[in-house]
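Comments concern the structure below.
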Amino acid sequence: MMRDLTAALRTPLSGQAGAAPAGATGELPEWNLADLYPGIDSPALVADLARAFDESRALAERYRGRLAELAAAPDASAQLAEAVRAYEGLSDLLGRIGAYAGLVYSGDTTDPQRAKFYGDTQDKLNAAITELLFFELELNRIDPDLLAQVAAQPPLSHWKPWLTDLAKDKPHQLDDRLEALFHEKSMTGAAAWNRLFDETIASLRFAIDGEELTLELTLNKLQDSDGQIRRKAAEALSAVFRKELRIFALITNTLAKDKEISDRWRKFQDVADSRHLANRVEREVVDALVSAVRAAYPRLSHRYYRLKAQWFGREALDFWDRNAPLPQVAQRTIPWSEARETVLSAYGAFSPKMADIARRFFDERWIDAPPRPGKAPGAFAHPTVPSAHPYVLLNYQGKPRDVMTLAHELGHGVHQVLAAPNGALMAPTPLTLAETASVFGEMLTFRRLLDATRDGAQRKAMLAQKVEDMINTVVRQIAFYSFERKVHEARRQGELTGEAICALWMEVQAESLGPAIRLSDGYEPFWCYIPHFIHSPFYVYAYAFGDCLVNSLYGVYRNTPEGFQDRYFALLAAGGTKHHSELLAPFGLDARDPGFWQIGLSMIEGMIAELEAMD
């Protein structure tokens, strides 16, 4: 949707084509962005940028101030359908350009040439988007009963789900000139602070044993089998974060205030209401999820970390040991070829169709896997636009978690491919359901690996890793959400010092992790590097929503597998055309049911009990 384009430009992405030199992981693929554009100076890109602005202006000249008139015309459905079709085509074109700019830029955010290209492209896209802001605003000003009547008739009925969804934004929309001002000022406001965060993070280096490492490589050492390496990594992270605390505090304060101003003008009451609206989920559903997870902290994270501390022969683990591999379990680097085969075979066992879609990402170079200086940290799947295809970014280093990350991101990719036929306006999926295919892909991969493992120690290690991943996805993300709420609520009363933000961080971490994790000096500034707080405030609860949802879906699959694949693919193919209640009904699930969340949480609890029984 047009309102998503600016956010898409700020998403941390990456990319170049080719392959990284082979190491312990084997040769790692780098993606081919030529499917979008041949290069940043290509005639095709220059022409599309010019065409995007010209056609946006032409659409505005033709339709601005006339949509209500068209809705009252005898052939209203055909007239409005023609306008929406043109708008959707421009959404796809602008999205393609924006995706390409973001992918190129985040391949190395420290490269001045890429940064200039990214900034210049943003400016040109925003000039075009400003011309189009009127379109959705005017549609929402048409008499609702009249628009519903017209949208019930073909050809406009094709876009009825989008028009119905669009109407939910109406109470929070401003007049055309204010919307244009908000949009244009965002480039020197929120977007600029997002870019500052990205470039700051990419430029950080962490000294460990004489080496200067990037953030991604340093975070990876927190999973090393050597406790001293984990401690040194934590100390290096803490030292650099503490040194840069002032700038991260300033970025956080500024963006929280920027959001408060927007929320006030748009009449959002709660600090997270704008996210709930974007996710098309009711506040009560999210509150029920958060309450259920927080109440389960003692049964989940506290209980598991107490068990893990016992495995290490301690009463409590230092915070840098939280994700440590189990002692006396052999660790090895998993080659890329093995990771590929593992995920594709797991997907194929569920459905050959799912594996076929995922295989294209490997065969057609839609994946960028190697860690590089300046490259965006973490992992993601970017849908780009329906006229193209998704891309996946990883920082693959051969850890078991990297294999699960590959399964996760390919799940996103499969979802995005299946939803693409809905078109640029209806393919995007609300974040609450966007994590469904990714977490389901992880679960399929985990279960296949576990079923194939006979060695008791290895099974225990795999089960423990899965529990840790689920705790990180559910408990940790709800703790992140609680932290964000505290920061944004406190910011409404005045600016926060870096130390004040650190204190809020330590408060929620102590509550969520429990007494078996020792939060000693040095952990206070570990909130600084988490990009979701900057790019997508309150995004994080979508991970917990997705994990609990998938646990329930997987239970349905195990109990009644017949026909499940068809229903599952229908859910993914719906994109953004249906509410979560409608999508889950064929599985007998309802996220509005207070007991729904207990199903997913009980699965995690059962795995912890299984681990306890192994001792």
Out of the range 250-272, which residues are open to solvent by 40 Å² or more (accessible area, probe 1.4 Å), free of Cβ contacts under 8 Å to residues at least 60 places away in the same chain and either assigned to a helix (DSSP H, G or I) or in contact with a strand residue (DSSP E or B) (Cβ under 9 Å, 6 or more places away or on another chain) (or both)?
L250, I261, R264
Determine which member of the set R332, R314 is under 30 Å from D521 (Cβ atoms), out of contact with any strand residue (DSSP E or B) (no Cβ under 8 Å at 6 or more places or on another chain) and open to solvent by 50 Å² or more (accessible area, probe 1.4 Å).
R314
Among residues of the range 209-226, those that are within 30 Å of Q113 (Cα to Cα) and not in a loop (DSSP other than H, G, I, E, B), counted:
9
With respect to the numbered conditions (1) among the acidic types (D, E); (2) assigned to a loop (DSSP other than H, G, I, E, B); (3) in contact with a Lys or Arg (Cβ under 7 Å, 6 or more places away or on another chain), which one is the sole condition not fulfilled by D593?
(3)
Test V417 against the stated conditions and say whether it is touching a Phe, Trp or Tyr at 6+ places or on another chain (Cβ under 8 Å) and either under 21 Å from F569 (Cβ atoms) or assigned to a helix (DSSP H, G or I) (or both).
no
Looking at the range 557-576, I want the residues that are among the β-branched types (V, I, T) and have a partner that is exposed (fewer than 11 other Cβ atoms within 10 Å of the Cβ) with Cβ atoms under 8 Å, at least 6 apart or on another chain. Which pairs are those?
none
Of T188, T164, the only residue that is of a type in the set (V, I, T), within 30 Å of D75 (Cα to Cα), without any contact (Cβ under 8 Å) to a residue 24 or more places away in the chain and open to solvent by 60 Å² or more (accessible area, probe 1.4 Å) is T164
Assess whether I357 counts as being open to solvent by less than 70 Å² (accessible area, probe 1.4 Å), within 25 Å of Y554 (Cβ to Cβ), outside any helix (DSSP H, G or I) and among the β-branched types (V, I, T).
no
What are the residues in the range 491-518 that are touching a residue at least 60 places away in the same chain (Cβ under 8 Å) and open to solvent by less than 40 Å² (accessible area, probe 1.4 Å), if any?
R491, L496, G498, I501, C502, S512, L513, G514, A516, I517
Starting from the range 344-357, take each residue that is under 10 Å from V414 (Cα atoms) and list its partners that are at pLDDT 95 or above, counting only C-beta distances under 6 angstrom and pairs at least six apart or across chains.
M354/Y347; M354/V414; A355/L344; A355/Y347; A355/G348; I357/V414; I357/V417
Inside the range 446-475, can you point out the residues that are crowded, with 21+ Cβ neighbours inside 10 Å and within 26 Å of V271 (Cα to Cα)?
I471, T473, V474, V475
From I229, I201, I247, which residue is β-branched (V, I, T), modelled with pLDDT of 95 or more and either buried (at least 20 other Cβ atoms within 10 Å of the Cβ) or assigned to a strand (DSSP E or B) (or both)?
I201
When the residues of the range 565-588 are filtered to those that are under 26 Å from G348 (Cβ atoms) and among the aliphatic types (A, V, I, L, M), which remaining residue is most open to solvent (accessible area, probe 1.4 Å)?
A570
Please work out which one of (1) part of a helix (DSSP H, G or I); (2) within 27 Å of S274 (Cα to Cα) is the condition L174 fails and give its number.
(1)
Consider V281 against the criteria (1) farther than 30 Å from A609 by Cα; (2) in a helix (DSSP H, G or I); (3) aliphatic (A, V, I, L, M); (4) open to solvent by less than 30 Å² (accessible area, probe 1.4 Å): it satisfies all of them except one. Which criterion is unmet?
(2)
Scan of the range 109-157 for residues that are hydrophobic (A, V, I, L, M, F, W, C), part of a loop (DSSP other than H, G, I, E, B) and open to solvent by less than 40 Å² (accessible area, probe 1.4 Å), ordered by number
I142
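The values are calculated or read from the model by the stated rules, or taken from the named source; none is laboratory data. The structure presented is a predicted model; accordingly, all values stated were derived computationally and were not measured. So basically every Cβ, Gly included, is an ideal-geometry build from the backbone, and we count neighbours across all protein chains shown. These area figures cover heavy atoms from the full protein model, side chains too; ligands, DNA and RNA do not enter into them. Shrake-Rupley method; radii C 1.70, N 1.55, O 1.52, S 1.80 Å.
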